[in-house]
Amino acid sequence: MTRLMLATALALTMILVACNGDDPKQFSTTIDNPYWPMKPLTRWTFHEVDEQGEVTVDTVIVTEATKPMANGVTARVVRDTARIHGHVVEDTFDWYAQAKDGTVWYLGEDTAEFEDGKITSRAGSWEAGKDGARAGIMVPARPRKGMRYREEYSKGNAEDNGEVLSLDEMADVPAGHYDGMVLIKDTSTLETRSLEYKLYAKGAGPVLALGVSGDVDRESLVKMDRAPAGSGQGPLGSP
């Protein structure tokens, strides 16, 4: 292991310890990591196209709300709503916080799947500090090629992992042309055939996601704008 790799591993370990609840004061609901800035009321609209050509419209809103987590950290609440033909098929409250070094941490989600307006599943919901669940890194403060980390951990429920593959990618999506992007490889310990590549752009956040194994789809950023005050705070199913 090189000195750089060792230093990175030690730094990530120290942050992991802190985020597991040892020092909640090290975290903030102000999230300004350049690769995913989460200013309240920022809204992203994505179009996800699957193998059959069906389009899911995914709307992500950084709400003005915060939530105290079971591990002692206060998180920013982000609303993620997926619709097909205008009908909600999945609705989620995601919880994020930023460490002092700028790393964006994922602290859990409250999620529901819908059919004909009724909840059919709550699978995948978890909260850091409950039932052994632990927070994970969503976007490193200073991404480096070869960095590997846990994105989430709830045993048998949510076990995703990330690896930084590149720091200088480019892509064209409906929202525009982006370059200098970070490319992250996403895998799952629970779904070993699942593989997704995600690209993050400075000042914009997630721009493009490509599922190449498991769920084979393409999710592209269509628009980034500002949502009205109070957006995203309704109950699940009614954002």
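The values are calculated or read from the model by the stated rules, or taken from the named source; none is laboratory data. Model, not experiment: these values are computed from the prediction. So basically every Cβ, Gly included, is an ideal-geometry build from the backbone, and we count neighbours across all protein chains shown. Calculation scope for accessible area: heavy atoms of the full protein, side chains included, ligands and nucleic acids excluded. Shrake-Rupley method; radii C 1.70, N 1.55, O 1.52, S 1.80 Å.
Here are some notes:
- Contour minus Cα-Cα distance for GLU54 and MET170 (0.36 nm per residue): 39.2 nm
- Cα shape, the stretch 119-180, gyration tensor, a/c 1.5 rule: oblate
- Size of electric dipole in the stretch 29-76: Cβ of Lys, Arg +1 and of Asp, Glu -1, about Cα centre, debye, nearest 20: 460
- Using a Förster distance of 25 Å, the FRET efficiency for ALA65-LYS130 (Cβ separation, nearest 0.05): 0.85
- In the context of the full set of protein chains, the stretch 130-239 has a per residue accessible area of 52 Å² (1.4 Å probe).
- In the chain, the portion of solvent-accessible area held by carbon and sulfur atoms comes to 50 percent [1.4 Å probe, whole percent, DNA, RNA and ligands not counted].
- Summing charges over all other residues whose Cβ lies under 13 Å from the Cβ of ARG43, with Lys and Arg as +1 and Asp and Glu as -1, gives 0.
- Mean separation of Cα contacts under 8 Å, 6 or more apart, over the residue count of the chain: relative contact order %: 19
- Cα lying deepest toward the dipole's positive end in the stretch 94-239, options PRO174, GLY214, ASN161, charges on Cβ: ASN161
- Within the stretch 132-230, trypsin sites (Lys or Arg not before Pro) in DSSP loop having at most 13 other beta-carbon neighbours inside 10 Å: ARG144, LYS145, LYS155, ARG193
- Think of the chain as a dipole: +1 on every Lys or Arg Cβ, -1 on every Asp or Glu Cβ, centred on the Cα centre; then among VAL60, SER194, HIS47, VAL60 lies furthest on the positive end.
- Three-way shape call for the chain based on the alpha-carbon gyration tensor, with the a/c threshold at 1.5: rounded
- On a per residue basis, the stretch 50-93 carries 44 Å² of accessible surface, using protein heavy atoms and a 1.4 Å probe.
- Exposure of THR120 as accessible area (Å², to 10), given a probe of 1.4 Å and all protein chains: 80
- Lys-Lys pairs in the chain that are eight or more residues apart or on separate chains and whose Cα atoms lie under 18 Å of each other come to 15.
- Three-way shape label, the stretch 159-236, alpha-carbon gyration tensor, a/c 1.5: oblate
- Note on ASP32 and LYS118: their simple-model spin labels are 4.8 nm apart, each label 7 Å out from Cα toward Cβ.
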